[in-house]
1. How do the pairs read when you match residues in segment 12-23 that are more than 15 Å from CYS82 (Cα to Cα) with residues anywhere that are polar (S, T, N, Q) and open to solvent by 20 Å² or more (accessible area, probe 1.4 Å), using Cβ under 8 Å and keeping only pairs 6 or more apart or on different chains?
2. Checking ASN190 against (1) modelled with pLDDT of 90 or more; (2) polar (S, T, N, Q); (3) under 30 Å from SER120 (Cα atoms), only one condition comes out false. Which one?
3. Hey, does segment 89-97 have a residue that's over 18 Å from the mean Cα position of the chain (by Cα), at pLDDT below 90 and of a type outside the set (Gly, Ala, Ser)?
4. Filter segment 35-53 for residues that are in a helix (DSSP H, G or I) and under 15 Å from SER120 (Cβ atoms); which is least open to solvent (accessible area, probe 1.4 Å)?
5. Residue by residue through segment 174-201, note down the ones that are open to solvent by less than 70 Å² (accessible area, probe 1.4 Å) and touching a Ser or Thr at 6+ places or on another chain (Cβ under 8 Å).
6. Across segment 143-166, what is the total count of residues that are surrounded by 15 or more Cβ atoms within 10 Å (Cβ to Cβ), charged (D, E, K, R) and more than 18 Å from GLY126 (Cα to Cα)?
7. Those residues that are open to solvent by less than 30 Å² (accessible area, probe 1.4 Å) and in contact with a Pro (Cβ under 7 Å, 6 or more places away or on another chain), I need them from segment 122-134; list them, please.
8. Restricting to segment 90-106, name every residue that is loosely packed, with under 15 Cβ neighbours inside 10 Å, in contact (Cβ under 8 Å) with a residue 60 or more places away in the chain and either in contact with an Asp or Glu (Cβ under 8 Å, 6 or more places away or on another chain) or over 22 Å from VAL171 (Cβ atoms) (or both).
Amino acid sequence: MGALSQLCKVILGIFNALYCIVGMAFVLVGVWLRVRGSDITDAALVNGEYALIGVGTVMIVTAVVGDIGGCCDKTATLSVYCVLLVCLIAGQITLYAKQKEVGQPLAQFYVLLYAIYIASSDLVVGGTLGVVHYTMNCCGALGVVGLDPTSHTCPKKTGFLDRFMSPCPPVLLDVFSAKPPVAMGIFYGNAALLILCLLCSVALHRMLKKAGPHYIHLTQSVLSLSTPLAEPQLQLYPHHTDGSLDTMVLTSTLAEA
């Protein structure tokens, strides 16, 4: 258990913290949309809301399990964490393989969010649209910064020609053909991080197995050594020989630590 294990723990800690934050954001947005639009029964909107909640929950659970396994050196928890990472990697591969099927409901979900924002100017919906616009490098339904009603949530453009961007629905229909730089960076970067964390968790699991039952946690050792010993207490006990207090015996007691 040396420098490699510490490096793996740092990598897992940073990754899990980021994953937990993003997962919480997904869940909060999904819950907000569901509560706010509880009277809307459009299948595309409802499915999108539950997809956000589901994906966010999986991310949070994965992050929590990874933190417990990495910080507390729990081999069983690390095994569960490896399984969750494999499932996430498999899900990302499936998403890439079925991009055509995923693009249609994604574009429909965006159009519904766009309509909700135009009608209500909801800040949460506007923030969600802003994230989509910056990630996909698109701007609303018109694709022209300054003309689209959601232009203030679009990437800032200074040049005249730069204001003409792609509308978001066509981009979302086929993300991997449009290849927006930020979205592609997030997609492939997330895949690389998942694989890196899987390798780190497997390596940490093997090191803990190799250390075996004789491995003692440093924190427990420090805790036991830092526990102060009780100070000796001097007490006087009377020693009766003939019914009178004629002799005093001095004893010292030491409380158990």
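The values are calculated or read from the model by the stated rules, or taken from the named source; none is laboratory data. All of these numbers come straight from a predicted model, not from anything done at the bench. Counting neighbours? That spans all protein chains shown, and the Cβs are built from the backbone with ideal geometry, glycine included. The area values use the complete protein model at the heavy-atom level, side chains included, leaving out ligands, DNA and RNA. Shrake-Rupley method; radii C 1.70, N 1.55, O 1.52, S 1.80 Å.
1. Partner pairs satisfying both residue conditions: GLY23/THR57.
2. In the conditions (1) modelled with pLDDT of 90 or more; (2) polar (S, T, N, Q); (3) under 30 Å from SER120 (Cα atoms), ASN190 misses (3) alone.
3. yes
4. This residue is LEU45.
5. Correct list: ALA178, PRO180, ALA183.
6. 2
7. HIS133
8. Within segment 90-106, LYS100 is the sole residue that qualifies.
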